[in-house]
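Peer 1: Provided herewith is a single structure, encoded as structure tokens, for subsequent inquiry.
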């Protein structure tokens, strides 16, 4: 990934961004208020580094946690839980099929970005875009439910300066 630019966020931009994130994810985002945030523009994405770690990224003009960000911040909203059989595939970047989903946040709408977690420890495996509503993911017996965007071990996960 080629870095095009790296800048520290101004206070007014940082505050607006944090307000948007708090409305989507709740109090877990308050911890970011006293941290240094930098925007790194790459070829495909813009990453938001929190104290030098890639915890957020911009995708399709939306700010969303990276897999590492979801893990470190312990986020509990917009979750989709997959069974043990899906872990290997999701961790390798595969799209998530409806039969592997055991639970999903009922507030998820088609087109929302979601955090995919595994069933036993609820650890984040991937970030994806919902192709159906949350309840439909659980009820459906076939079809693709989530388009994978980022997963454990990919370029964003292992990004370092």
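Laboratory data are not the source of any read-out in this text; all were calculated from the coordinates shown. Remember, it's a predicted structure, so these values are computed and weren't measured experimentally. Note that we place each Cβ from the backbone using ideal geometry, even for glycine, and neighbour counts take in every protein chain shown.
Peer 1: Considering only residues that are touching a residue at least 24 places away in the same chain (Cβ under 8 Å) and buried (at least 18 other Cβ atoms within 10 Å of the Cβ), which ones fall in segment 95-106?
Peer 2: 96, 97, 98, 101, 104, 105
Peer 1: Same structure again: Need at least 1 residues that are surrounded by fewer than 14 Cβ atoms within 10 Å (Cβ to Cβ) per element, so show me which strands (runs of 3 or more DSSP E) inside segment 13-76 make the cut, counting only ones lying wholly within it.
Peer 2: 62-65
Peer 1: What number of residues within segment 5-20 are in contact with a strand residue (DSSP E or B) (Cβ under 9 Å, 6 or more places away or on another chain) and more than 20 Å from residue 157 (Cβ to Cβ)?
Peer 2: Count: 9.
Matching residues to (1) touching a strand residue (DSSP E or B) at 6+ places or on another chain (Cβ under 9 Å); (2) in contact (Cβ under 8 Å) with a residue 24 or more places away in the chain; (3) in a loop (DSSP other than H, G, I, E, B); (4) crowded, with 21+ Cβ neighbours inside 10 Å:
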| position | (1), (2), (3), (4) |
| --- | --- |
| 89 | yes, no, no, no |
| 93 | yes, yes, yes, no |
| 108 | yes, yes, yes, yes |
| 111 | yes, no, yes, no |
| 120 | no, yes, yes, no |
| 135 | yes, yes, no, no |
| 156 | yes, yes, yes, yes |
